[in-house]
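Input: a single structure, listed below in structure tokens.
Nothing in this text is a laboratory measurement; each read-out follows from the coordinates by a stated rule. Note that the structure is a prediction, hence the values are computed from the model and not measured.
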Amino acid sequence: MVITNDKTLLEVTGLTTSFFTGEGTVHAVNDVAFTVGRGEIFGLVGESGSGKTVTAHSIMRLVHQPGRITGGRIVFEGRDLLGLNEKQMEEVRGSRIGMVFQEPMTALNPVLRIGEQISETLEIHRASGGNGIRQRVMELLNKVGFDDPEKRLIQYPHQLSGGQRQRVLMAMAIACGPSLVIADEPTTALDVATQSQILGLLEGLVDTLDMSMIFITHDLNIVRSLGHSIGLMYAGRMLELSRVENFFKQPLHPYGRGLLGSIGGFSGSARRLTAIPGSVPRLSELPTGCTFHPRCPYIMDMCRVKEPVMKEVEKDQWVRCYLYQN
């Protein structure tokens, strides 16, 4: 399933990532498919436990034991990343795909100065050194909004605010000019004003550096303002794929409708806020049939028996729901 784009950068098909635990095999990502076009921001949305971060780690080939990618293809710039050996994949990480992690204090080394950490990224993927790297580090810090890069070079992570640390991660992610950056909930721990600054900066970087982005979030309002396309995940499955403008005008899946109802309705209309009953099931205790059926107001008998498949209902609008499978 693809959203039409003449300049596809990333195409994920049938991606399945499984964890082999004492409770049995858990599919944290189950038959997930989507595309990201060049210059596009793709919003990957879902509640905690939906599989968003595992999807990102799968693309980066950073899934560790007891997890393993057990199926699918991840075609990036014409190459299937699942067919690369570890050395080839190391060349892709950082150089062609950058990542901004959710918690910068965990992602940054607390005992290394900021300049050293960004320099390391450049030294791994580029042959140049010395003054050339120092100058490049200052340019990167300037690009992500620091007006005093020389001061920041010698500081440690604990001397920066949360927003400033996130900017450092962004500098590291774009250091080698990647064509894709994955941002995993980069604004979650920030105050509203800082969130707005970071989002504006990310959008500007996509435009000025001619790169694409996967933006992972649980906040639909961010995707409404930032994204071009949206993928809605639930319990490891993709439930809906759509252009952002189409999704916010008329979401197809009951889960998407429920999420929009909980933040104020569709198309900016004034509606009574509603909550989706229940919670995301544990991946080790998924219901039979459609995983959303215990929370769905439109449940039918078949929903309890068999998982529906993804179907293109309108152009560039895919949904996994029996309401549309006549």
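For this structure, a couple of remarks:
- Euclidean distance between Cα centres, region 179-237 to region 151-175, Å: 18 Å
- Within a Gaussian network of the chain (alpha carbon springs, distance under 10 Å), most fluctuating of Leu232, Leu286, Leu241: Leu286
- Those aspartates and glutamates that a straight Cα-Cα span of less than 20 Å connects to Lys306, excepting residues fewer than 8 apart in one chain: Asp31, Glu240, Glu285
- Answer label, with Rg and Dmax of the Cα atoms in Å calculated from the coordinates and candidates (i) 19.8, 61; (ii) 20.4, 68; (iii) 18.4, 57: (ii)
- Those lysines that a straight Cα-Cα span of less than 17 Å connects to Lys249, excepting residues fewer than 8 apart in one chain: Lys315
- Whichever aspartates and glutamates have a C-alpha closer than 17 Å to that of Lys7, once near sequence neighbours (fewer than 8 apart) are set aside: Glu40, Glu77, Asp80, Asp207, Asp210, Asp316
- Stretchable slack from Glu86 to Glu23, in nm (0.36 nm times residue separation minus alpha-carbon distance): 19.7 nm
- GNM result for the chain, Cα springs below 10 Å: residue of Glu123, Glu307, Glu285 fluctuating most strongly: Glu285
- The amide H of Asp316, built 1.01 Å from its N in the peptide plane, has Thr4 as neighbours under 5 Å, considering only residues 5 or more places off or on other chains.
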